[in-house]
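These notes concern the structure reproduced below.
The values are calculated or read from the model by the stated rules, or taken from the named source; none is laboratory data. Please read all numbers here as calculations on a predicted model, not as lab measurements. Neighbour counts run over all protein chains shown; Cβ positions are idealised from the backbone, glycine included.
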Amino acid sequence: MVLVFYVVPAILTVTMALTNMDYRFQWNFIGLGNFRRMFNDFLLPGILRVTLLYVIGTLGIFNVTFGLILALVTTSVGERIGRFFRALWLLPRFTPPVVYGMIWLWILDPTKHGLLNSVRVAMGLRPVDWILNYPLGVIIIANGIIGASFGMLIFTAAIQSIPQELHWAARVDGAGLLQDIRYITLPQIRWPILFVTAYQTLSLLTSYEYILIITQGGPYFASTVWSLYAYKLCFGGYYAPYQFGYGSAMALILVGIGLIAAVTYWRVFRFRRMMAEPLIEV
Amino acid sequence: MGRSTRRLRAGTVRWIRWQERVVKVLFYSFLFITALPLIVGYLWLFSNSFSETLIYSLIPERLTLKNWSFLWRPPSPYYPSLWRTFGNTLVLALGMVVTVVGISTPAAYALSRMKFPGRFGLLAGTLILHSFPGITLLISLYYVLRTLGLLNNVIGVFLVKAGLMMPFAIWVMKGFFDSIPWDVECAALVDGATRFQTWYKVMLPQVKPGIGAVSVFAFLSGWSEYIYVITFVQDKRSWTLSSYVNSIIGDYRFLDYGLLAATGLFYMLPVLLFFLFAQKYLLRVSIGGTKGGR
């Protein structure tokens with residue numbers, strides 16, 4: 001089954017990338033035509049920029065930094081309260097994407113009925129169309145809130161596996177809570193931090209579900225990341241639907257980047273050690 | 001000299017205590033403030049689904065069950081019956097559970113207990129395949145399903161999803177098998193059990209928590225699926241709740257937030273139940289489940 005739904009599609013993707021298949025599903029091989037077309041695609045530079053900002057922004061602000069802060073804070077406060085807040089942050093990950101997206105659509109509603117705008121109206125300001133004005137910020141925050149919990153879980157597990165004796169020793173030597181975190185905890189979780197960075201880079205490159213629901217990649221293409229563009233090329237409706245060949249080629253580039261990244265991380269950070277870290281579906 | 005150091009120490013200790021208290025207060029307020037948007041968001045789902053109008057779009061004003069009328073009457077003739085949709089979603093989720101658990105348990109056992117050359121490769125493969133899913137396979141999967149005649153069919157969706165989840169599930173289950181000592185299995189074999197009997201009667205009961213965890217995960221991922229459903233299923237009779245809520249958003253977004261919230265909450269209900277009562281399974285997969293694999 002893995003063969004039918006994993007390996008075969010993988011091979012098909014490669015083959016399809018060499019055709020100009022459309023809604024008629026005919027195999028017309030055009031060699032590297034799709035890749036040549038990419039150089040002339042006037043939308044691509046913008047999409048590349050959005051993708052980079054999106055991945056770096058989400059990863060840097062939320063998935064690693066905020067995840068780490070959450071893990072540190074929830075392990076430093078009482079056990080029960082810590083667990084409660086971890087559960088709360090995990091909730092969006094298990095919420096059906098449509099429902100999560102719906103909550104965001106309400107928060108960002110351009111009329112006065114949305115959460116943010118009702119606050120603005122209460123303060124005497126005019127409502128703002130958030131998605132229109134800050135498309136990139138919206139997708140980074142919406143994805144980041146979900147992404148943060150991954151880092152949080154892994155860091156928490158790592159922090160809790162640090163022997164208590166180390167903390168006691170530090171306290172006896174006169175370290176405060178913050179010094180304890182800085183000199184004992186952080187150095188001990190170096191590997192998990194690298195692991196989360198590596199793993200989440202790959203996840204973010206291929207994730208577009210929430211973007212599709214919340215902004216649909218718009219306005220125009222302002223929040224369309226690479227993977228979403230490939231999706232739109234094939235199933236996107238009005239713009240240029242059913243370009244399966246070109247879409248596959250776009251997807252293939254993504255796979256290429258993913259593979260290169262994976263191999264690089266492997267080499268540089270000795271992935272063999274990281275492989276022992278927990279893996280979670282994202 | 002001796003006295004002054006003692007005083008100094010007492011002062012330092014007090015200062016550290018004080019600092020610690022301040023830091024704790026800061027931590028608590030940080031946790032609360034950052035979580036506020038989450039709390040508000042989910043609160044809104046509740047309050048809005050049961051009320052006619054909202055003050056500051058959050059506090060319910062007049063309580064009503066009107067928003068929930070979609071349970072027995074579709075919001076417009078265009079919509080399929082809710083319970084049919086509900087049934088489809090259930091088939092998708094349960095289909096995932098059966099396929100994933102059914103295949104991953106024996107496969108993980110083989111990986112855990114039998115020597116074979118590609119073991120490290122498989123673990124590495126999981127990570128590399130991680131860069132494949134989503135969009136990359138979606139296009140060709142569309143083609144595969146079309147060829148197999150499984151488009152517009154929930155069965156096609158759960159087969160695809162189960163296939164994609166398999167490496168992950170096998171990996172987690174392997175962790176659980178790894179944590180069982182060899183001696184247990186040896187004892188069973190010495191007593192004359194066959195390899196299959198050992199697996200079925202001795203090993204399986206021991207990895208029950210793992211099976212539970214993988215089932216919960218498979219169920220939730222099938223239940224919540226969005227992209228594959230939206231892409232592969234257009235026929236209204238095969239809709240799942242994802243497509244239902246999606247088109248509610250499309251049709252009633254600015255008109256009727258009450259309806260939006262009610263359908264969203266209805267869709268989320270099983271997830272909430274799992275979250276409240278099966279949380280230990282969810283956390284076990286992410287932390288405990290793989291600890292055995294270390």
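Data table
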{"quantity": "Looking only at the stretch A:33-78, and only at residues there that are small (Gly, Ala, Ser) and in a helix (DSSP H, G or I), the one that is farthest from A:Met250 (Cα to Cα)", "calculated": "A:Ser76"}
{"quantity": "Hey, B:Gly156 within 11 Å of chain A (Cβ to nearest Cβ), buried (at least 21 other Cβ atoms within 10 Å of the Cβ), in a helix (DSSP H, G or I) and at pLDDT 80 or above or not", "calculated": "yes"}
{"quantity": "Any hit, the stretch B:213-222, residues being polar (S, T, N, Q) and either at the interface with chain A (Cβ under 9 Å from one of its Cβ atoms) or over 15 Å from B:Ala110 (Cα atoms) (or both)", "calculated": "yes"}
{"quantity": "Close pairs (7 angstrom Cβ cut-off, 6 or more residues apart or separate chains): in a helix (DSSP H, G or I) in the stretch B:90-109, crowded, with 18+ Cβ neighbours inside 10 Å and among the acidic types (Asp, Glu) anywhere", "calculated": "B:Leu92/B:Glu225"}
{"quantity": "Selection count where residues are free of Cβ contacts under 8 Å to residues at least 12 places away in the same chain and surrounded by 14 or more Cβ atoms within 10 Å (Cβ to Cβ), scope the stretch A:187-198", "calculated": "0"}
{"quantity": "Some residue of the stretch A:164-179 being away from chain B (no Cβ under 11 Å), touching a helix residue (DSSP H, G or I) at 6+ places or on another chain (Cβ under 6 Å), farther than 26 Å from A:Leu90 by Cβ and crowded, with 22+ Cβ neighbours inside 10 Å", "calculated": "no"}
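Per-residue answers, yes or no, for (1) surrounded by 15 or more Cβ atoms within 10 Å (Cβ to Cβ); (2) at pLDDT 85 or above; (3) within 25 Å of B:Leu269 (Cα to Cα):
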position	(1), (2), (3)
A:Leu32	no, no, no
A:Leu43	no, no, no
A:Leu48	no, yes, no
A:Leu52	no, yes, no
A:Arg93	yes, no, yes
A:Thr111	no, no, no
